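Novice: The structure under discussion is supplied below as structure tokens; questions concerning it will follow.
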Ligand code: DX5
Ligand code: ZN
């Protein structure tokens with residue numbers, strides 16, 4: 001078996017990391033909600049500005065509070081225009097991974113935002129809306145620590161998984177294996193134990209799950225189920 005095929009087998013065999021999305025948590029009980037998903041790999045933190053997406057969620061003050069009460073790696077997903085204005089700030093304030101949208105800024109600012117996140121010693125990611133082709137990440141791929149494939153239109157939790165995105169996911173897995181194998185490949189939107197299997201089979205290494213995890217009574221068990229352990 002050649003080296004590439006070996007790597008692919010490894011990715012397919014590996015269990016995915018799970019990143020519950022705080023957007024689906026009960027905001028009146030945030031501390032307990034965060035504690036209830038402590039067995040996850042990352043906590044996904046969705047920032048929406050009401051311009052890039054038709055919804056406003058949470059921003060820096062809530063981020064600071066969350067950072068104070070948990071050690072879990074924070075995976076920030078910026079759904080905002082001109083992300084280069086804020087990306088480094090989240091990194092400097094303790095985000096472990098900061099992803100923003102490739103559609104949201106021009107190439108110069110995108111490169112600047114990635115560099116700003118790296119200067120803070122943190123990981124940088126680029127997210128793609130469903131209509132955006134895999135090739136959009138090509139100019140940046142060797143700089144990236146994560147690529148996020150949206151499997152719903154960004155803006156709201158609880159939407160249906162768009163299985164049409166699986167072909168793009170597989171194409172990105174090939175690009176990553178070829179050009180930057182340490183880059184993580186995250187799927188965001190409509191993930192549950194069933195769609196999770198499709199995602200990992202098509203090369204995802206990190207799965208965001210909001211409504212499915214926070215809708216479960218036993219969150220730890222649900223996280224294990226999505227991981228494919230049970
Ligand atoms: C959607 C957000 C997602 C969302 C996922 O715009 O980026 O992270 O919270 O929620 P579910 O898992 O419910 O689709
Ligand atoms: Zn998200």
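Novice: Confirm whether residue 54 is part of a strand (DSSP E or B), on the phi < 0 side of the Ramachandran plot and either in contact with a helix residue (DSSP H, G or I) (Cβ under 8 Å, 6 or more places away or on another chain) or surrounded by fewer than 22 Cβ atoms within 10 Å (Cβ to Cβ) (or both). Even if it seems obvious, please write down each step before you answer.
Specialist: Values: part of a strand (DSSP E or B): no; on the phi < 0 side of the Ramachandran plot: yes; either in contact with a helix residue (DSSP H, G or I) (Cβ under 8 Å, 6 or more places away or on another chain) or surrounded by fewer than 22 Cβ atoms within 10 Å (Cβ to Cβ) (or both): yes.
So residue 54 does not fit the description; no.
Novice: Follow-up question, since we're still on this one. Taking only segment 197-215 into account, find how many residues are within 12 Å of ligand 1 (Cβ to nearest atom) and surrounded by fewer than 23 Cβ atoms within 10 Å (Cβ to Cβ).
Specialist: 3
Novice: Could you please find all residues in segment 42-51 being buried (at least 17 other Cβ atoms within 10 Å of the Cβ) and away from ligand 2 (no atom under 13 Å from the Cβ)? If you could, list the steps in order and put the result at the bottom.
Specialist: Just the residues of segment 42-51 that are buried (at least 17 other Cβ atoms within 10 Å of the Cβ), to begin with: 42-49.
Listed by number, the list holds a single entry, 49.
Novice: Is it fair to say residue 226 is within 16 Å of ligand 2 (Cβ to nearest atom) and touching a residue at least 12 places away in the same chain (Cβ under 8 Å)?
Specialist: Working: within 16 Å of ligand 2 (Cβ to nearest atom): yes; touching a residue at least 12 places away in the same chain (Cβ under 8 Å): yes.
Yes: the conditions hold for residue 226.
Novice: A further question on this structure: Pick from 185, 175: which is touching a helix residue (DSSP H, G or I) at 6+ places or on another chain (Cβ under 9 Å) and within 15 Å of ligand 2 (Cβ to nearest atom)?
Specialist: On the way: 175 fails: within 15 Å of ligand 2 (Cβ to nearest atom).
Residue meeting the stated conditions: 185.
Novice: Here are some conditions: (1) in a helix (DSSP H, G or I); (2) at pLDDT 95 or above; (3) away from ligand 2 (no atom under 14 Å from the Cβ). Residue 39 meets all but one. Which one does it not meet?
Specialist: (1)
Novice: Still on this structure: Could you list, ordered by first residue, the pairs with Cβ atoms under 7 Å in which the first is in segment 160-172 and closer than 19 Å to residue 137 by Cα and at pLDDT 95 or above and the second is within 16 Å of ligand 2 (Cβ to nearest atom) and assigned to a helix (DSSP H, G or I), at least 6 apart or interchain?
Specialist: Close Cβ pairs (under 7 Å, with a partner that is within 16 Å of ligand 2 (Cβ to nearest atom) and assigned to a helix (DSSP H, G or I)) amount to 169/199.
Novice: Further, regarding this structure: Output the number of residues of segment 124-154 satisfying the condition of being within 16 Å of ligand 1 (Cβ to nearest atom) and surrounded by 18 or more Cβ atoms within 10 Å (Cβ to Cβ). If you could, list the steps in order and put the result at the bottom.
Specialist: Here is the first cut: in segment 124-154, the ones within 16 Å of ligand 1 (Cβ to nearest atom) are 125-132, 146-154.
With surrounded by 18 or more Cβ atoms within 10 Å (Cβ to Cβ) added as a condition, the list becomes 125-129, 146-152, 154.
Counting residues in segment 124-154 that are within 16 Å of ligand 1 (Cβ to nearest atom) and surrounded by 18 or more Cβ atoms within 10 Å (Cβ to Cβ) gives 13.
Novice: Something else: Mind checking which residues of segment 87-117 are buried (at least 20 other Cβ atoms within 10 Å of the Cβ), under 17 Å from the mean Cα position of the chain (by Cα) and either assigned to a loop (DSSP other than H, G, I, E, B) or at positive phi (or both)?
Specialist: Correct list: 95 only.
Novice: On to the next question. Out of segment 114-135, which residues are touching a helix residue (DSSP H, G or I) at 6+ places or on another chain (Cβ under 8 Å) and under 23 Å from residue 54 (Cα atoms)?
Specialist: Correct list: 126, 127, 128, 129, 130, 132, 133.
Novice: Go through (1) more than 14 Å from residue 44 (Cα to Cα); (2) touching a helix residue (DSSP H, G or I) at 6+ places or on another chain (Cβ under 9 Å) for residue 218 and report which single condition fails.
Specialist: Tallying (1) more than 14 Å from residue 44 (Cα to Cα); (2) touching a helix residue (DSSP H, G or I) at 6+ places or on another chain (Cβ under 9 Å), residue 218 fails exactly one: (2).
The values are calculated or read from the model by the stated rules, or taken from the named source; none is laboratory data. Owing to the predicted nature of the structure, the values given are computational and were not obtained by experimental measurement. Heads up, the Cβs are rebuilt from the backbone with ideal geometry, glycines too, and the neighbour counts pull from every protein chain shown.
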